[in-house]
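Structure, as structure tokens:
The values are calculated or read from the model by the stated rules, or taken from the named source; none is laboratory data. In this text the structure is predicted, and so the values were computed from the model without any measurement. Positions of Cβ are backbone-derived with ideal geometry, glycine not excepted, and every protein chain shown enters the neighbour counts. Heavy atoms of the whole protein, side chains included, go into the accessibility calculation; ligands, DNA and RNA do not. Shrake-Rupley method; radii C 1.70, N 1.55, O 1.52, S 1.80 Å.
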Number of protein chains: 2
Amino acid sequence: MSIDRAALTNASVAQLREWEANLTKEYDAIKAAGLTLDLTRGKPSADQLALSDAMDGILAGNFKDEDGTDTRNYGGLDGIKSAKQLFAQMMGVGTDEILIGGNSSLTLMYQAQSLAMYWGLHGSEPWHAEVVATDKKIKFLAPVPGYDRHFGVSDHIGIELIPVAMNEHGPDMDQVEALVKADPLIKGIWCVPRFSNPSGIVYSDAVVERFAQLGKIAGKGFRIFWDNAYAVHTLDDNAPQLANLFALCKKYGTEDSVYMFGSTSKITYAGAGVAFMAASPANLKEFQKHLGQGQIGPDKVNQLRHVKFLKSVDGIHALMRKHAELLKPRFDAVLTRLEALKGLGEWTVPQGGYFISFDTIPGLAKTVVKLAAEAGVKFTPAGATFPYGKDPLDCNIRFAPSFPKIAEIEKGTDVFVTCVKLASVRQELAKRG
Amino acid sequence: MSIDRAALTNASVAQLREWEANLTKEYDAIKAAGLTLDLTRGKPSADQLALSDAMDGILAGNFKDEDGTDTRNYGGLDGIKSAKQLFAQMMGVGTDEILIGGNSSLTLMYQAQSLAMYWGLHGSEPWHAEVVATDKKIKFLAPVPGYDRHFGVSDHIGIELIPVAMNEHGPDMDQVEALVKADPLIKGIWCVPRFSNPSGIVYSDAVVERFAQLGKIAGKGFRIFWDNAYAVHTLDDNAPQLANLFALCKKYGTEDSVYMFGSTSKITYAGAGVAFMAASPANLKEFQKHLGQGQIGPDKVNQLRHVKFLKSVDGIHALMRKHAELLKPRFDAVLTRLEALKGLGEWTVPQGGYFISFDTIPGLAKTVVKLAAEAGVKFTPAGATFPYGKDPLDCNIRFAPSFPKIAEIEKGTDVFVTCVKLASVRQELAKRG
């Protein structure tokens, strides 16, 4: 049956009860089928991973980088030359503005944030000095909905998260600028600027240009954490481009205000890829000074494998098109089925990235995720896309359609549709007392 | 010419002047030759690294661990099952008592120490709470000479290092126990128990048994950092074994007092190997809780490569014998030449590990390293084997003969011999005024 919000409001209690009975029957039948489907994690499917299997063995006995560095031995904190060249070009920065790390960009973010907190960064005291001086917490802005692991990093380090609204152009920059201007203890902001997690939107050129100027109005030691996790992860060829924040920062003399991150976790292997951080040479120098105390250096052999396999930015784009061929039908499987919820929710139609963001009628996200879980279909916990797991409207749910097989996604989304309808009808019934 | 300490003391000033003139001539000739030799770093030679080149390509398209885990994808903080089995056996612990990490055991040590400092460990508050309460520093014991990177980790985290003496059986346990008993702010001790860096000694069974009991007399949150970096790195088949600290701790109920570390950095590739940490399940659980905030998980593909290549503990020992064949002649090249310094210094004759530790007559280490450097032969800076770079007797110099070619080691050691003689004669001349 087709129900939208207007239909709900206009329906008689008897009609609502009938809908409720039918939907409950439908739901119980699903429950009885004993499904075990998982739509929680933004992880690649086995088919996607197999696209990079030629990496193993690609070195064919030659472990030297183009400058003669033996990648098998100790030495070097900031990665091999050829990897810097490749990923600097992909990130739109210079080869002296990039550091190639280990297998996790989240680790680089954690290190950057904890070093800034306790050891200090280029051009300012440790943030913690201001904690001691003011007896207040350091704060980070968190555009919502956003990525729970980002929020987890800040929370672990003792940084308070302040949610700011997102719209289809990116974070609400009026709100961002007003907050940053008013409070020097706000030391940064988390961003996934292209195919944002989970909404899939791409920050507009105007938004990026305003980000480039934030460093001028912010307090000392302010850093934009620009996690370009889906920099090249397009689902179709017409996907919007992202303006180059670093280039714009140079225009405004704010290049010290930004740390950019990226990785090949969703280009080659998730967890066995290569992560990188782009920043001004001054920022990178200070970062490495501390980094060197806690590690010997990154796995350079794996960096060389990546360079030999990906070859060039064109090579990366060619590989990403193959990913898109596998991902697009999965996204479509969700989006087609969500049409049945027109009027009972709003959702994004992303042109890249790994997620679809769905908003229920306010107050229903937790209930829907619970209903789905009880019917054997797991979604990311409602609220996870907000700091401290608190979605003020309790409406946002994240779809991660990359990993399951298409038939599973179809089945899972059908269950989701039933759960949203059922929860919506029950909510309306409850209102009527 | 052969000179020993007695000859020096008994020599006339004229004799000393003649020796000084001859040695200076010898030294100037070396200087004129324009050498550039490097005996600083304990890193494997290219021949050693090549022993593991079959790792690249060894997966042959099969990226699944024996339990079906797809190593290419996200998931798992503590490593793959087969790697746990292999390295647990190598470390003499159970598979539930080990975590397999990334490419650096130093990183695991840094993480363990900073988490203990700021976030707390199993069974006690963060060490930092005691810093706040007492306005004093947390302290770690540092057996000397020791490994500079260990000292660097503690120093970076704000932990004060207290040197304790080493003898041929290990650290002076009377001193260790007295210090630990007297000061609850001493929260741990750094150890390289087998083929200690740099002295090459192996802790005796009696010393290890006393370590197992330290947890009973120490303050809350005490942890032995047992860096078994050279666990299987023997130079000959008769090398002394190390007692199993973890097993002994169980006997005394102190298994929470120890973190053991190891890696394949000098088994397979230096910097592209696999690192691990053994500890009680309770310790590991607490460690992972924090670890998970700053990373996605280790590179499981590289772990699987290692398991397929090394196969078993027997496989590891077989590989280590090949390393020994390459290392032994390099150690012998140094040791044979050092004979010329009998009576002018003392040195260790290690049966494993990567270093030879040489003690000059007190007050000469800095001078000798400087003379050698000016003649084109680099040694690890004198004092580096002591906390804060301060060798109270200024006598310890570390030889790292693994990396250079044998001819270079011979040449470098010859230069060293001349430098020690020259510095010793000059010191004696200076004494005579």
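From the phi angles alone, apply the Karplus equation (6.51, -1.76, 1.60; θ = phi - 60°) to segment A:41-54 and give each ³J(HN,Hα) in whole Hz, x where the residue is Gly or Pro.
Per-residue couplings from phi come out as 9, x, 10, x, 7, 4, 4, 5, 4, 5, 4, 10, 5, 5 Hz.
Quick check on packing: order A:215-227, A:136-148 by the mean number of other C-beta atoms within 10 Å, highest mean leading.
Numbers: A:215-227: 20.3, A:136-148: 22.0.
Answer by packing, highest mean first, reads A:136-148, A:215-227.
Hey, for A:Asn22 with labels 7 Å out along Cα-Cβ, what do the inter-copy distances come to in nm, ordered shortest first?
In ascending order, 11.1 nm.
What does the convex hull of the Cα atoms come to per residue for segment B:164-269, in Å³?
Given the Cα convex hull of segment B:164-269, per-residue volume reads 105 Å³.
Taking every residue in B:108-114, how many Cβ atoms of other protein chains lie within 10 Å of its Cβ, on average? Intermediate results must be reported in sequence, preceding the final value.
Numbers: counts 2, 2, 3, 2, 0, 1, 3.
Per-residue shielding by partner chains comes out at 2.
Any idea what % of Cα-Cα pairs in chain B are farther than 41 Å?
When all Cα pairs of chain B are counted, 21 percent exceed 41 Å.
Residue-wise, which Karplus ³J(HN,Hα) couplings in Hz belong to segment A:355-371, taking 6.51 cos²θ - 1.76 cosθ + 1.60, θ = phi - 60°, and x for glycine or proline?
Residue by residue, segment A:355-371 yields 9, 10, 9, 10, 10, 7, 4, x, x, 10, 4, 4, 4, 5, 4, 5, 4 Hz.
Could you tell me the relative contact order of segment B:114-241? Use alpha-carbon pairs under 8 Å, at least six residues apart, and round to a whole percent.
After rounding, I find 24 percent.
Net charge around B:Tyr147, counting only other residues with Cβ within less than 15 Å of its Cβ (Lys, Arg = +1; Asp, Glu = -1)?
Neighbour charge sum, excluding B:Tyr147 itself: +2.
Using a Gaussian network model of chain A whose springs link C-alpha atoms within less than 10 Å, name the residue from A:Lys84, A:Lys31, A:Lys43 with the highest mean-square fluctuation.
A:Lys31
In whole percent, and with a 1.4 Å probe on the protein chains, what portion of the accessible area of the protein assembly as shown is carbon and sulfur?
Numbers: 16440 of 32310 Å².
Of all accessible area on the protein assembly as shown, carbon and sulfur atoms account for 51 percent.
Using amide H atoms built in the peptide plane, which far-off residues or other-chain residues are under 5 Å from B:Asp38 H to H?
It is B:Lys378, by chain and number.
Shielding of A:65-74 by partners, i.e. mean partner chain Cβ atoms within 10 Å per residue?
Counting Cβ atoms of other protein chains within 10 Å of each residue's Cβ and averaging gives 5.
Using θ = phi - 60° and the Karplus relation 6.51 cos²θ - 1.76 cosθ + 1.60, list the HN-Hα couplings for segment B:315-320 in order, rounded to whole Hz, with x at every Gly or Pro.
In residue order, the calculated couplings are x, 5, 4, 4, 5, 5 Hz.
Long-range amide H contacts for B:Ile186: which residues qualify at under 5 Å (H placed 1.01 Å from N, peptide plane, sequence gap of 5 or more or a different chain)?
Here the answer is B:Lys139, since their amide H atoms fall under 5 Å of that of B:Ile186.
With contacts defined as alpha carbon pairs under 8 Å and 6 or more residues apart, what's the relative contact order of chain A in percent?
Working: 828 pairs, mean separation 112.3, N = 433.
Relative contact order comes out at 26 percent.
With respect to the cross-link table entries B:Lys366/B:Lys431; B:Lys328/B:Lys411; B:Lys136/B:Lys285; A:Lys289/B:Lys366; A:Lys181/A:Lys250, which display a Cα-Cα separation exceeding 23 Å?
Pairs exceeding the cut-off: B:Lys136/B:Lys285; A:Lys289/B:Lys366.
Restricting attention to the alpha-carbon atoms of segment B:193-335, what are Rg (one decimal) and Dmax (integer), both in Å?
Cα only, segment B:193-335: 17.0, 48 Å (Rg, Dmax).
Averaged over peptide B:288-300, how many Cβ atoms belonging to another chain are found within 10 Å of each residue's Cβ?
On the way: counts 0, 0, 1, 0, 3, 9, 14, 13, 13, 6, 5, 10, 5.
Per residue, the number of nearby Cβ atoms from other chains is 6 on average.
Estimate the FRET efficiency between A:Glu325 and B:Leu326 by the formula 1/(1 + (r/R0)^6), using the beta-carbon distance for r and 51 Å for R0, to the nearest 0.05.
My answer for the efficiency is 0.55.
Order B:His128, A:His169, most accessible first, counting only protein heavy atoms with a 1.4 angstrom probe.
Working: B:His128 60, A:His169 90 Å².
Ranking B:His128, A:His169 by accessible area, largest first, yields A:His169, B:His128.
In segment B:333-433, how does Rg compare with the Kirkwood Rh, expressed as the Rg/Rh ratio over alpha carbon atoms?
Radius of gyration over Kirkwood radius for segment B:333-433 works out to 0.95.
Near the amide H of A:Gly57, under 5 Å away, which other amide H atoms are found, from residues 5 or more places off or on another chain, if H is placed in the peptide plane?
Under 5 Å from the amide H of A:Gly57: B:Gly57.
In whole angstrom, how far apart do the alpha carbon centroids of segment B:363-433 and segment B:33-69 sit?
A separation of 31 Å, based on Cα centres.
At what distance in angstrom do the alpha carbon centres of segment A:230-280 and segment A:127-190 lie from each other?
Answer, in whole Å: 20.
Considering only B:Gly158, B:Gly376, B:Gly34, give the residue with the highest GNM mean-square fluctuation for chain B, with springs between Cα atoms whenever their separation is below 10 Å.
With Cα springs under 10 Å in chain B, the top fluctuation among B:Gly158, B:Gly376, B:Gly34 is at B:Gly34.
Using the alpha carbon gyration tensor of the protein assembly as shown, what are the three equivalent-ellipsoid semi-axes (square root of 5 times each eigenvalue), largest first, in whole Å?
Numbers: eigenvalues 644, 151, 144 Å².
In descending order, the three semi-axes are 57, 28, 27 Å.
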